[in-house]
There are 2 protein chains.
Amino acid sequence: MADDRFHVYDTTLRDGAQQEGLNLTVADKLTVARHLDGLGVGFIEGGWPGANPKDTEFFRRARTELDLKHAQLAAFGATRRAGVKAADDPLVAALRESGAPVVTLVAKSHDRHVELALRTTLTENLAMIRDTVSHLRAEGQRVFLDAEHFFDGYKSNPAYALEVIRTAAEAGADVIALCDTNGGMLPDELADVVLAAAGTQARLGIHCHDDTGCAVANTLAAVRAGVTHVQGCANGYGERSGNANLFTVVANLQLKRGFDLVPREALADMTRIAHAITEVTNVTPNSHQPYVGVSAFAHKAGLHASAIKVDPNLYQHIDPAEVGNDMRMLVSDMAGRASVELKGRELGYTLSPQDSRELVERVKDLESQGYTFEAADASFELLLRDTVGGDRRRHFSVESWRVIVERPAGGDVVSEATVKLHAKGERIVATGEGNGPVNALDKAVRQALERLYPELARLELTDFKVRILEGTHGTQAITRVLITSSDDTGEWSTVGVDENIIEASWQALEQAVTYGLLRAGHEGD
Amino acid sequence: MADDRFHVYDTTLRDGAQQEGLNLTVADKLTVARHLDGLGVGFIEGGWPGANPKDTEFFRRARTELDLKHAQLAAFGATRRAGVKAADDPLVAALRESGAPVVTLVAKSHDRHVELALRTTLTENLAMIRDTVSHLRAEGQRVFLDAEHFFDGYKSNPAYALEVIRTAAEAGADVIALCDTNGGMLPDELADVVLAAAGTQARLGIHCHDDTGCAVANTLAAVRAGVTHVQGCANGYGERSGNANLFTVVANLQLKRGFDLVPREALADMTRIAHAITEVTNVTPNSHQPYVGVSAFAHKAGLHASAIKVDPNLYQHIDPAEVGNDMRMLVSDMAGRASVELKGRELGYTLSPQDSRELVERVKDLESQGYTFEAADASFELLLRDTVGGDRRRHFSVESWRVIVERPAGGDVVSEATVKLHAKGERIVATGEGNGPVNALDKAVRQALERLYPELARLELTDFKVRILEGTHGTQAITRVLITSSDDTGEWSTVGVDENIIEASWQALEQAVTYGLLRAGHEGD
């Protein structure tokens, strides 16, 4: 469990999900939570149970499906409604019943918002805070409070804003997070307000948005002014210009301010985690993102190339390895012989220096075409076997394939695929029907091979992801397809890239089947 | 001409162009310079004449082709080489002959860089600075000095770093810009070093990179510490994580700090200028960019929609009109009636309470099936027209369509689509070939309709996004397709959802064409 003295509090699954175009399924949210836990954050805000059926389901499934090592889950929700008891408010009940060890209550701290948005009195708002915090505390949950619009509220009515903090703290809230909800603050004035709030003696946190391009700096300024709880989102996701980028905040505090926030080896995995999360959110990764972007340590060296070779630290603000990034990462996430050798060893292969050099070159070349091996372990292993063992062994070869998708007059859409393969000396023609072109291709391949390789019956396609890599020429863009497959004992992922989505899917499918047969003990011809 | 007391100095054309993937022709640079001048910046650094033939040509053409209203051009270059006279150095001559009224000389201020990269002595480096500044001043140019690696240099050898400033100022440099070349500084320590440098009495400037996510805040901290010259790049372009975003810096200083940097009406054109520059650079606009991004004032939270209607300023840190941007409401599963009504009003429709209730129900129902309207404004508008006006008017109806994707034996993949449509009383059968199934469908539809609707020739598919919504049944998952289309005057997005990716694409395509025809003034039958 993470140290309680300084909180790294992630709100990607709640506030980050407010980003335009970002829509996460419950399965996506569980996956992102696992990645965040791997980074070592202390708290993961999972959503608003009760207000949103998807979030209710997230907390229900989290109880059995999430096995967190560092983080604790927090359920987000509002204080009770005006004029009802906290115990009788169904939304408060949903927080109580979420099973989350922590509840983060959002409360108004701006007088005008109390009147306009809540449509109640300033006194009743304080009672709502007091009652809801006390009630949840009495029921055994830890309570944090998000003081919404705190900084604008402080400008409007400083005494009331401070009274909100005092009320929540006295009722038993452990942390009062000061929220720059509209994101308009600059670091110096923000720090002044945090110092004023510190006079309440409550434990304070900070929640910033990037509307002035200062979310990270505002967070650092608040830490300098005494807060011991920082909120933010993976990759800076969030509404409008986004929330404070939690990865940048953690790296700045840990590498430049001496804070000990996450395990050193987890920080060294931050770049991979940041990219793995973009695969789930399907948001194009920001290549310029500080610390973890693919361009973050990329140099158009030119003039200084020789000096960089002599002393790279003269040209880098940190050693990129500390965050799992690389100075030579221009084209490749795997670039560098060391990481390829490490990955090979992990898979049980010993690579000669010649092999690893060749493999690095092939990886770089393929990644520059749009392939990604970070999320396609099986494709990487097939490439590695190719490099070590000469030509890849094959269980089958493809003569041709064809897919027809049709919506006939007055009928439903049908998909049909035909493959012509050669395997174990036979030529096989088989056809499959499916509910989409890739499903039809998958069925046709099984139909063709299952008699020769009965193990294929156990192989299942469990996930299929599509990413358009160059979105500037419409449907002529390059398409990357990732397929995840499983059998009784595990799962593996493969990748295909082509301007044609069906060809890209076919590549990933062919590798998925090949790898499945290798797992089943068939070495191929 | 801009006021000389505080300099807004743009380096997009020089340092911004170091961004990976950014390549500007001379014509591009001239266009960007015109846009920057339209914004009212004081200085535009055009490049390094002499070191780069393209930049030499830029300055040559600028003399006759650029008619700047506010800005002055600055030529960037290095101090003379070690051991030669400034007057005899051909690179210094190129600066002199550039015709630029200002020369910005880059000089080493970090002792180790002098030794390692310049391979000369600390004393000779000072002489190089002194001679080059004096020479150019004597020849009639104004001189600024970029003190490269100043902050790291100050840490390494503070006395020498300060001596560089003094030497340049005494030789006649008007401004010494302190450069955080590696971008590793945080605002508080940066401000401390600026204060130390201010002791030299020289006029100081600041040049920041965003490697800690603090470039904007670092620039503001330096201004607070007394600098009167800020450097940055349009849209935050630049190497690695980019340079300080000049647009964010200017908006922060002018709207939140009371500086009078650019004309008020030019600031109100900033959003358009920012996007016009992305058209030239061909870099995808960052929708989350502070102030000018399309999402910068976009609100998703359904909860607050009713309060936003009453007083939008409670939810915005500035009036978006001040930077030429707009508040937008996103329709999402959090949406209530208030946000649907707001969105309707934004689109120019007045909804009856009955209409908005019905529309909210339809949106909720469709979103629960996987549709998303926040990123598909045109699909939302078509749905709204349906709801308000009864059945949607149609320009064409579909009898059937068929797509064939095939990799024949020994050949390349081919895609072919056939559509059978009815329009204006005719039955039309048309076939299109493409580099993928959706491209082929798009071509077939145009082929079918272009004779009846010649405006379709102007319609272009510019982006295509695919998202698999439930990744637990492999290729049987639900697929969501978003298509962005454009014509001469704007762009719009449409959405399709189906378990079959081709059917989902077809839905989005059909709506894209329908909406395009509505835009062209065809109301349909």
Test each condition in (1) within 14 Å of chain A (Cβ to nearest Cβ); (2) assigned to a helix (DSSP H, G or I); (3) at pLDDT below 85 for B:V340 and report the one that comes out false.
-> (1)
Scan (1) touching a residue at least 40 places away in the same chain (Cβ under 8 Å); (2) surrounded by 24 or more Cβ atoms within 10 Å (Cβ to Cβ); (3) in contact with a Pro (Cβ under 9 Å, 6 or more places away or on another chain) for the single condition B:R142 breaks and write down its number.
-> (2)
Conditions (1) within 30 Å of B:Y315 (Cα to Cα); (2) within 21 Å of the chain's Cα centre (by Cα); (3) at pLDDT 95 or above; number of the one not met by A:E239 = (3)
Could you check the stretch A:4-100 for strands (runs of 3 or more DSSP E) lying wholly inside it with 2 or more residues that are within 14 Å of chain B (Cβ to nearest Cβ)?
-> A:72-78
Can you spot a residue in the stretch B:164-187 that is within 14 Å of chain A (Cβ to nearest Cβ), aliphatic (A, V, I, L, M) and in contact with a Cys (Cβ under 8 Å, 6 or more places away or on another chain)?
-> yes
The stretch B:51-110, residues that are touching a strand residue (DSSP E or B) at 6+ places or on another chain (Cβ under 9 Å) and of a type in the set (V, I, T) | B:T56, B:T79, B:V92, B:V102, B:V103, B:T104, B:V106
Which number in (1) closer than 18 Å to B:A244 by Cβ; (2) in a loop (DSSP other than H, G, I, E, B) marks the one condition that B:F144 misses?
-> (2)
Pick from the stretch A:101-112, criterion touching an Asp or Glu at 6+ places or on another chain (Cβ under 9 Å) and assigned to a loop (DSSP other than H, G, I, E, B), ranking: surrounded by the fewest Cβ atoms within 10 Å (Cβ to Cβ) = A:H110
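So which of B:E163, B:E170 is surrounded by fewer than 17 Cβ atoms within 10 Å (Cβ to Cβ) and assigned to a helix (DSSP H, G or I)?
B:E170
Please determine whether any residue of the stretch A:454-472 is more than 30 Å from A:T281 (Cα to Cα), within 10 Å of another protein chain (Cβ to nearest Cβ), out of contact with any Cys (no Cβ under 8 Å at 6 or more places or on another chain) and at pLDDT 85 or above. Even if it seems obvious, please write down each step before you answer.
In the first step, residues of the stretch A:454-472 are kept if they are more than 30 Å from A:T281 (Cα to Cα); the result is A:454-457.
Now drop any that are not within 10 Å of another protein chain (Cβ to nearest Cβ), which leaves none.
Scanning the stretch A:454-472, I find no residue that is more than 30 Å from A:T281 (Cα to Cα), within 10 Å of another protein chain (Cβ to nearest Cβ), out of contact with any Cys (no Cβ under 8 Å at 6 or more places or on another chain) and at pLDDT 85 or above, so the answer is no.
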Are there any pairs with C-beta distances below 6 angstrom linking a residue in the stretch B:204-230 that is more than 11 Å from B:V194 (Cβ to Cβ) and more than 12 Å from chain A (Cβ to nearest Cβ) to a residue that is assigned to a strand (DSSP E or B) and of a type in the set (D, E), with the two at least 6 apart or on different chains, and if so which?
-> none
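Mind counting the residues in the stretch B:279-295 that are within 17 Å of B:Y237 (Cα to Cα) and at pLDDT 85 or above? First the steps, then the outcome.
To start, the set of residues in the stretch B:279-295 that are within 17 Å of B:Y237 (Cα to Cα) comprises B:279-293.
If we keep only those that are at pLDDT 85 or above as well, we get B:286-293.
Residues flagged as within 17 Å of B:Y237 (Cα to Cα) and at pLDDT 85 or above within the stretch B:279-295 amount to 8.
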If you go through B:G213, B:G258, B:G153, the only one that is over 22 Å from A:T219 (Cβ atoms) and surrounded by 22 or more Cβ atoms within 10 Å (Cβ to Cβ) is B:G153
Determine whether the stretch A:188-210 contains at least one residue that is of a type outside the set (K, R), touching a Pro at 6+ places or on another chain (Cβ under 6 Å) and closer than 20 Å to B:H288 by Cβ.
-> no
If we keep just the residues of the stretch B:400-444 that are surrounded by fewer than 16 Cβ atoms within 10 Å (Cβ to Cβ) and in contact with a strand residue (DSSP E or B) (Cβ under 6 Å, 6 or more places away or on another chain), which is farthest from the other protein chains (Cβ to nearest Cβ)?
-> B:T431
Of the residues that make up the stretch A:347-354, is at least one at pLDDT 85 or above, in a loop (DSSP other than H, G, I, E, B) and surrounded by fewer than 19 Cβ atoms within 10 Å (Cβ to Cβ)?
-> yes
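Picking from A:G410, A:G370, A:G432, A:G436, which residue would you name as being farther than 16 Å from A:G496 by Cα and under 33 Å from the mean Cα position of the chain (by Cα)?
Working: A:G410 fails: under 33 Å from the mean Cα position of the chain (by Cα); A:G370 fails: farther than 16 Å from A:G496 by Cα; A:G432 fails: under 33 Å from the mean Cα position of the chain (by Cα).
That would be A:G436, the only listed residue that is farther than 16 Å from A:G496 by Cα and under 33 Å from the mean Cα position of the chain (by Cα).
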On the given criteria, is B:T181 among the polar types (S, T, N, Q), touching a residue at least 12 places away in the same chain (Cβ under 8 Å) and closer than 24 Å to A:A191 by Cα?
-> no
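Does any residue of the stretch B:285-304 turn out to be more than 9 Å from chain A (Cβ to nearest Cβ) and of a type in the set (S, T, N, Q)?
Within the stretch B:285-304, the subset more than 9 Å from chain A (Cβ to nearest Cβ) is B:285, B:292, B:302.
The next check asks that each one be of a type in the set (S, T, N, Q); those that pass are none.
No, the stretch B:285-304 contains no residue that is more than 9 Å from chain A (Cβ to nearest Cβ) and of a type in the set (S, T, N, Q).
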Among B:E97, B:E115, which is the only one that is in the same structural domain as B:G205 (by TED's automatic domain parsing), surrounded by fewer than 21 Cβ atoms within 10 Å (Cβ to Cβ), under 35 Å from the mean Cα position of the chain (by Cα) and acidic (D, E)?
-> B:E97
Taking the stretch A:313-325 as the search range and keeping residues that are of a type outside the set (A, V, I, L, M) and away from chain B (no Cβ under 11 Å), which one is nearest to B:D180 (Cα to Cα)?
-> A:D319
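The values are calculated or read from the model by the stated rules, or taken from the named source; none is laboratory data. Every value quoted in this text rests on a predicted model; they were computed, and no experiment measured them. For neighbour counting, all protein chains shown are included, and Cβ atoms are generated from backbone atoms with ideal geometry for every residue, glycine included.
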